[in-house]
Amino acid sequence: MANRYFDNDMPDFVDETPGAEKEGEEVVGQGTEESLVRLLCMPYHSFSENLKRAALDLKETVVIETWGFSRQDVQDFTVYTGTLGTAFLLFKSYQVTNNTSDLELACQIVKACDSASEKIKKTCDDASPHSGNRTSLKLHKKASFMTRDVTLFGRAGVYALGAVISKHMSDSKMLDYYLTKFKEIELTKDLPDELLFGRAGFLWACSYLNKHIGEGTIPSSHMRVVADEIIAKGRKMGSRDRCPLMYEFKGKKYLGTAHGLAGIMHVLMDLELKSDEREDVKATLKYMINNRLPSGNYPVVEGDDNDVLVHWCHGAPGIALTLVKAAQVFGDKEFLEAAIDAADVVWNRGLLKKVGICHGISGNTYVFLSLYGLTMKMEYLYRAKAFASFLLDRAHKLISSGEMHGGDTRYSMYEGLGGMAYLFLDMVQPTEAKFPGYEL
């Protein structure tokens, strides 16, 4: 189990030392015990400037690797591992620096992703089982991932981000185009309910548009139809006296964020729920809390006692974010206490030997940022700073030596260095930090 993460030998808390700025700047990236301690001692305003510089340098590398070297030929248009993730990073950079060049490049990339997604969609349409063409039927089966394209992580993500960027560019024509394309998306009956590829992910994209474009951009009545389907399916599989809402993805009852209960509950909590629905969501979350593993971590699937994964997608980190949300929405002390317990698991076992947001140190850092945003307790900002310091000081060296995995798609948003750059930018204003694609 321990070979999945680095031992966390960092102090539980370090007081900031005025004057540590110059020393810290001189040693960033050396990967020594001394250089890490100096970062931990650095006053936060100076530390965040170091993060910002590192993020902007890394952003340029990500753009070159994912956009420049490909000669702007988009093969993967998704935000998860594809080129849309680069646009997401550029938009974040624009929000932090107000550099309009980043905004314009993000717009250009979204247009290319839109074009690529349309080509793939046409291939899938031509490969429909109803086409009567045997070759097309084979293509349809191979392209079955397109049933996932209705979430932020697929085609809906292209339209949602495109709309938001268009608004910031004051381009009403493109804004109308992307919103129209988004509203034309149809959800198929065989679509799963989870976040990454299913109905919950589509609902999140709707909420994202309403937050960034304006309330009512996606009518609540439209969202309500989708929410009703999710809740009805959850109740059908759930049990009133055990777990009111339950779901399956590929035959397994996942508990985590990417494919399971935590992700679906998180999205439902962003909606106006009826009183009985609120109670079902609360009871489902309490069921999860009551079925924690002895270590305080959470199982991947219901009934599994394998205590291995401490990721956003599976395990304590993602569930901690959902519990913070529950504490905000319901005000129950039980949810806050459970979130704090899960954060302790992340502090002890969350320095993963991976860099990314989905299953790496970058994503795990958001647990502490989320708790800091809710409680304003400095211990959580310090823990976020500690994890970010570890990345800032050691990630490149550890990846080069093979001790840390840089991601199967190394410069991507959710698996690789793009996510680390996004985290660094987010930490410039830590009270505003939000896990991308999850926290609104």
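The values are calculated or read from the model by the stated rules, or taken from the named source; none is laboratory data. On a predicted model such as this, the values are computed, not experimentally measured, just so you know. Here Cβ is always computed from backbone atoms with ideal geometry, including for glycine, and neighbour counts include all displayed protein chains. To get the accessible areas, we keep the full protein, side chains included, count just its heavy atoms, and leave off ligands, DNA and RNA. Shrake-Rupley method; radii C 1.70, N 1.55, O 1.52, S 1.80 Å.
The C-beta contact set for region 107-120 (first residue farther than 13 Å from residue 153 by Cα, second residue open to solvent by 60 Å² or more (accessible area, probe 1.4 Å), distance under 7 angstrom, 6+ apart or interchain) comprises 107/169; 112/72. In region 300-316, the count of residues that are touching a Pro at 6+ places or on another chain (Cβ under 6 Å), over 23 Å from residue 381 (Cα atoms) and assigned to a strand (DSSP E or B) is zero. Figure legend. Inter-residue proximity from region 415-439: first residues part of a loop (DSSP other than H, G, I, E, B), second residues acidic (Asp, Glu), beta-carbon distance below 6 Å, spacing 6+ or different chains. Indicated pairs: 415/408; 433/426.
Filtered by the rule that a residue be modelled with pLDDT of 95 or more and open to solvent by 80 Å² or more (accessible area, probe 1.4 Å), region 50-74 gives 53, 57, 60, 64.
Quick check on my filter: what residues within region 63-89 are in a helix (DSSP H, G or I) and closer than 19 Å to residue 152 by Cβ? Once the filter is applied, which keeps residues that are in a helix (DSSP H, G or I) and closer than 19 Å to residue 152 by Cβ, region 63-89 yields 66, 84, 85, 86, 87, 88, 89. Might you check whether a residue that is touching a Leu at 6+ places or on another chain (Cβ under 6 Å) and closer than 22 Å to residue 211 by Cα occurs anywhere in region 411-425? Yes. The residues of region 335-354 that are open to solvent by 40 Å² or more (accessible area, probe 1.4 Å) and not basic (Lys, Arg), listed by number, are 336, 337, 340, 341, 344, 348.
Residue 190 meets the stated requirement of being in contact (Cβ under 8 Å) with a residue 40 or more places away in the chain and either under 20 Å from residue 176 (Cβ atoms) or of a type in the set (D, E, K, R) (or both). Got at least one residue in region 186-193 being in a helix (DSSP H, G or I), out of contact with any Ser or Thr (no Cβ under 7 Å at 6 or more places or on another chain) and more than 30 Å from residue 108 (Cβ to Cβ)? Checked against the condition, which is being in a helix (DSSP H, G or I), out of contact with any Ser or Thr (no Cβ under 7 Å at 6 or more places or on another chain) and more than 30 Å from residue 108 (Cβ to Cβ), region 186-193 yields no hits at all. When the residues of region 251-273 are filtered to those that are in contact with a strand residue (DSSP E or B) (Cβ under 7 Å, 6 or more places away or on another chain) and more than 19 Å from residue 327 (Cβ to Cβ), which remaining residue is surrounded by the most Cβ atoms within 10 Å (Cβ to Cβ)? Restricting to residues being in contact with a strand residue (DSSP E or B) (Cβ under 7 Å, 6 or more places away or on another chain) and more than 19 Å from residue 327 (Cβ to Cβ), the top hit is 260.
Each row is one residue, and each column tells you yes or no for (1) more than 20 Å from residue 229 (Cβ to Cβ); (2) modelled with pLDDT under 90; (3) open to solvent by 30 Å² or more (accessible area, probe 1.4 Å).
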site: 135; (1), (2), (3): yes, yes, yes
site: 138; (1), (2), (3): yes, yes, yes
site: 141; (1), (2), (3): yes, yes, yes
site: 153; (1), (2), (3): no, yes, no
site: 157; (1), (2), (3): yes, no, no
site: 166; (1), (2), (3): yes, no, no
site: 183; (1), (2), (3): no, no, yes
site: 188; (1), (2), (3): no, yes, yes
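Looking only at residues in region 355-383 that are in contact (Cβ under 8 Å) with a residue 60 or more places away in the chain, of a type outside the set (A, V, I, L, M) and surrounded by fewer than 24 Cβ atoms within 10 Å (Cβ to Cβ), the one that is nearest to residue 394 (Cα to Cα) is 382. Looking across region 347-381 at every residue that is β-branched (Val, Ile, Thr) and within 13 Å of the chain's Cα centre (by Cα), the one that is nearest to residue 259 (Cα to Cα) is identified as 357. For region 304-334: of the residues being more than 22 Å from the chain's Cα centre (by Cα) and free of Cβ contacts under 8 Å to residues at least 40 places away in the same chain, which is surrounded by the fewest Cβ atoms within 10 Å (Cβ to Cβ)? Out of the qualifying residues, it is 305.
Yes or no, residue by residue, for (1) β-branched (Val, Ile, Thr); (2) part of a helix (DSSP H, G or I); (3) at pLDDT 95 or above:
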site	(1), (2), (3)
337	no, yes, yes
344	no, yes, yes
347	no, yes, yes
357	yes, no, yes
362	no, yes, yes
367	yes, yes, yes
373	no, yes, yes
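Cβ-Cβ contacts under 9 Å between residues 6 or more apart (or on different chains), taken from a first residue in region 223-239 that is open to solvent by less than 80 Å² (accessible area, probe 1.4 Å) and modelled with pLDDT of 95 or more to a second residue that is among the small types (Gly, Ala, Ser) and assigned to a helix (DSSP H, G or I), are listed as 223/207; 226/200; 230/200.
Restricting region 90-133 to residues that are at pLDDT below 95 and assigned to a loop (DSSP other than H, G, I, E, B), which is farthest from residue 411 (Cα to Cα)? Filtering first and then ranking leaves 132. Flag: residue 278 matches the condition of being modelled with pLDDT of 95 or more, open to solvent by 40 Å² or more (accessible area, probe 1.4 Å), touching a Phe, Trp or Tyr at 6+ places or on another chain (Cβ under 9 Å) and not in a strand (DSSP E or B).
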